[in-house]
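Report on one structure; see the data block that follows.
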Amino acid sequence: WLADPDAGIARGALGVALDDVTGYLVDSGSPDGQWPVSLGIRMDFIADPPLDGSPLDLSGELVARYDGGAMSRGVATDASGATIATMIQRSHLVSAPGTPGDHATPELLSAPESPVREQLGLRTSTPDRLTMDPTPLSANGMGSVHGGILVCSSELAAMTAIEAGGRFRTASVDIV
């Protein structure tokens, strides 16, 4: 699922899980009727995630709350405890029209066998453009594009643009 013809290994796909562990921390202490939206995400990658299905540990920490938002950080480690990736996220609270819902069903999430680029419906629309149509996997609980999906798809777009062919690895991604 993490193997990609251009990125080699889609490190940015860890952005989805790290955005969840950091974003839900912010959400858990937010006022009723407010939902955190990622204003800025910075991810740094130290190593490739394992492709053998071994477990990862993801943890999040609230750094600070302020009027209208918060800052949080997250870490992904492998089974040995070695750090694979870190995330710093700044969230802004927006009015939420209702209770967040599930958009990706357990059936969609169970053991994907195709690369993340196919799961997200990413396609090269012109030689210099990668396009992503809306899919259930690209949405957060409020139905907006998921911040971690932006991290993942930006890495894949960059690797496609430079025709990386797995020769390079992403060191960091900043989304604002």
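Residues being assigned to a strand (DSSP E or B) and out of contact with any strand residue (DSSP E or B) (no Cβ under 9 Å at 6 or more places or on another chain): count how many of those fall in the stretch 60-83. Talk me through it step by step, then tell me what you get.
Taking the stretch 60-83 as the starting set, the residues that turn out to be assigned to a strand (DSSP E or B) are 60-66, 69-77, 83.
Narrowing the set further to residues that are out of contact with any strand residue (DSSP E or B) (no Cβ under 9 Å at 6 or more places or on another chain) leaves 66.
Count: 1.
The single condition among (1) in a helix (DSSP H, G or I); (2) open to solvent by 40 Å² or more (accessible area, probe 1.4 Å) that Leu14 does not satisfy is (2).
Filtering the stretch 37-76 to residues that are surrounded by 17 or more Cβ atoms within 10 Å (Cβ to Cβ), over 23 Å from Gly141 (Cβ atoms) and in contact with a Leu (Cβ under 7 Å, 6 or more places away or on another chain) leaves only Pro49. Filtering the stretch 54-71 to residues that are farther than 15 Å from Leu14 by Cβ and either under 14 Å from the mean Cα position of the chain (by Cα) or not aromatic (Phe, Trp, Tyr) (or both) leaves Glu61, Leu62, Val63, Ala64, Arg65, Asp67, Gly68, Gly69, Ala70, Met71.
Scanning the stretch 119-136 for any residue that is modelled with pLDDT of 85 or more, under 14 Å from Thr22 (Cβ atoms) and in contact with a Ser or Thr (Cβ under 9 Å, 6 or more places away or on another chain) turns up nothing.
Checked against the criteria, Ile84 counts as modelled with pLDDT of 95 or more, of a type outside the set (Gly, Ala, Ser) and buried (at least 18 other Cβ atoms within 10 Å of the Cβ).
The values are calculated or read from the model by the stated rules, or taken from the named source; none is laboratory data. Small disclaimer: the values here were computed from a predicted structure and weren't measured. Positions of Cβ are generated from backbone atoms using ideal geometry, with glycine treated the same way; all protein chains shown enter the neighbour counts. Surface areas here come from the heavy atoms of the whole protein model, side chains and all, with no ligands, DNA or RNA. Shrake-Rupley method; radii C 1.70, N 1.55, O 1.52, S 1.80 Å.
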